[in-house]
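Participant: I have a structure I would like to understand better, so I am pasting it below and will then ask my questions one at a time.
Where a number appears in this text, it was derived from the coordinates with a stated rule and is not lab data. Note that the structure is a prediction, hence the values are computed from the model and not measured. Here the Cβ positions follow ideal geometry from the backbone for every residue, glycine too, while neighbour counts run over all protein chains shown.
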Amino acid sequence: MIEDFLSALKDSSFAIVPLLIIVVIFQFLILKLTKKEFLKVLYALLLTFVGLTLFLFGVDISFVNIGNKIGVALGAINERWITVIIGFVLGWVITLAEPAVKILNEQVEEVTFGYINKKLVLLFLAIGVASSISLSIIRIYTGIPLLYFIIPGYILVFILSKFTSPLFLSMAIDAGGVVTGPMIASVLLSIMISMSSVIEKSNPLLDGFGLIALVALMPILSIVILGIIYERKNKEEVSNEEQ
């Protein structure tokens, strides 16, 4: 356990120390914050360092192990449709727990002055991630190559992007990166790999991996669809005003 903690400490140091150096350089060259403000920034970085270390430590000793056990249990279920539904629910719940998703939602609503509802964005993100988990489970059972999902998916995104605003398209692309955060990478990936390892004729290296690619794709698609809904809503409002 001590080795796991030291490993987490090392990883968080690699993440935070370069940021600390950049902040210090900017403080002396550009920011010129007051002593009180600068101390607040340093305090925030310290809290981030401690929180990240504890989170990574928890991932190493708990999340991955739990994910492995859940994956083995799912692989033992004979009714495949039940497994697909459970995967959808897991994807939904873990999306709600993803810290980066919460930050994105807050920023979207703040920047758009409430025009884009953060709860609605969260709903569509959760649907996207949950759908990707269900598709990943179907892929494990059927052995369908990953590219058969990825290529048509991005083609559909490119087609639908013509019917949405640049704001939603940009937000969708960012969402694809945001949802592939530590919660999804640590828990869901371990579930898929463990599940594929206990299913007959399934290859963990081919079927277990690839989840992150699907997780990155589906929220992009779901947010683009949300953008299309908003576009239609705007056109209806403009049409009503003209009448």
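Participant: Order of Ser136, Ser196, Ser13, Ser131 from fewest to most other C-beta atoms within 10 Å? Walk me through the intermediate numbers first.
Facilitator: Details: Ser136 29, Ser196 25, Ser13 14, Ser131 21.
The fewest-first ordering by Cβ neighbours comes to Ser13, Ser131, Ser196, Ser136.
Participant: Any aspartates and glutamates with Cα under 17 Å of the Lys102 Cα? List them, leaving off those in the same chain fewer than 8 positions away.
Facilitator: Hits, sequence-local ones excluded: Glu110, Asp174.
Participant: What list of ³J(HN,Hα) couplings, whole Hz, do you get for the range 12-17 from phi and the Karplus terms 6.51, -1.76, 1.60, once you set θ to phi - 60° and write x for glycine and proline?
Facilitator: Per-residue couplings from phi come out as 5, 5, 4, 7, 8, 4 Hz.
Participant: May I pose another question? Starting from the Cα of Lys32, draw a straight line to each of the lysines and keep only those under 22 Å, dropping any in the same chain fewer than 8 residues away.
Facilitator: Lys32 reaches Lys40.
Participant: Tabulate in residue order the Karplus-calculated ³J(HN,Hα) for the range 104-114, using 6.51 cos²θ - 1.76 cosθ + 1.60 with θ = phi - 60°, rounded to whole Hz; enter x for Gly and Pro.
Facilitator: My calculation for the range 104-114 gives 4, 4, 4, 5, 4, 5, 5, 5, 8, 6, x Hz in order.
Participant: Out of the GluC sites (Glu not before Pro) in the range 181-243, which ones are loop residues according to DSSP with at most 14 other C-beta atoms within 10 Å?
Facilitator: Glu200
Participant: In the range 177-243, which trypsin sites (Lys or Arg not before Pro) fall in coil by DSSP and have 11 or fewer other Cβ atoms within 10 Å? Walk me through the intermediate numbers first.
Facilitator: On the way: sites: Lys201, Arg232, Lys233, Lys235; in loops: Lys201.
Passing both the DSSP loop test and the Cβ count: Lys201.
Participant: 7 Å from Cα along Cα→Cβ at both Lys10 and Asn117: what's the point-to-point distance in nm?
Facilitator: It works out to 4.8 nm between the two label points.
Participant: With a point put 7 Å past each Cα toward its Cβ, work out how far Phe28 is from Trp81 in nm, to one decimal.
Facilitator: Those two pseudo-labels are separated by 6.7 nm.
Participant: Multiply the residue gap between Asn65 and Met1 by 0.36 nm, knock off their C-alpha separation, and tell me the result in nm, one decimal place. Spell out each step's value before the answer.
Facilitator: Numbers: separation 64, 0.36 × 64 = 23.04 nm, distance 1.35 nm.
Result: 21.7 nm gained on full extension.
Participant: With only alpha-carbon pairs counted, each pair once and no self-pairs, how large is the Kirkwood hydrodynamic radius of the range 7-75 in angstroms? All intermediate terms of the calculation are to be shown ahead of the outcome.
Facilitator: Values: mean 1/r = 0.0708 Å⁻¹.
Result for the range 7-75 stands at 14.1 Å.
Participant: OK, next. Under a straight-distance cross-link criterion of Cα-Cα below 13 Å, which aspartates and glutamates are reachable from Lys233, leaving out those fewer than 8 residues away in the same chain?
Facilitator: Counting by Cα, and skipping residues close in sequence, Lys233 has these aspartates and glutamates nearby: Glu241.
Participant: Determine ³J(HN,Hα), in whole Hz, for all residues of the range 82-95 in sequence, where each value follows from phi through the Karplus function 6.51 cos²θ - 1.76 cosθ + 1.60 and θ = phi - 60°; x replaces Gly and Pro.
Facilitator: 5, 4, 4, 5, 4, x, 4, 5, 4, x, 5, 5, 5, 4
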